[in-house]
Amino acid sequence: MLQIGIDNPGAAFVFWENQLLETRKEGNIITVTLPREAATATSSSVRAFGQNENGVSNELLIPLEAGKVATEKTNKN
């Protein structure tokens, strides 16, 4: 499960490796359940953005390692 805070989302779109995920919205928190394949992927990413009457928000790119948010920058040559 992954939770993302987006200010005033009218609609939220979250993708794992370009696969649209089902979202649940509670206030400004968007919750998604990652697919099982995310846990076995060495590295992958989630993209998220919101849309409301003011337009589309900036896109968030969240790197994952084995299905968890990557918290440290790694040097990939």
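Since every read-out is calculated from the coordinates, none of them should be taken as a lab result. Just so it is clear, the model here is predicted, and its values are computed rather than measured. We place every Cβ from the backbone using ideal geometry, glycine too, and count neighbours over all the protein chains shown.
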Item to check | For the chain, the longest site-free run once GluC sites (Glu not before Pro) in DSSP loop states with at most 15 other Cβ atoms within 10 Å are removed | outcome: 23-52
Checklist entry - Quick one: if you stick a label point 7 Å off each Cα along the C-beta vector at Leu60 and Ser43, how many nm between them? => result 2.1 nm
Item to check | Debye intensity ratio in log₁₀ form over the Cα atoms of the chain, taken at each q of 0.13, 0.22, 0.26 Å⁻¹ | outcome: -0.39, -0.98, -1.24
Next on the checklist: Apply the Karplus curve 6.51 cos²θ - 1.76 cosθ + 1.60, θ = phi - 60°, to the phi angles in region 50-65 and return the couplings in whole Hz, x for Gly and Pro.
Outcome noted: x, 9, 9, 4, 8, x, 9, 6, 5, 7, 9, 10, 10, x, 10, 10
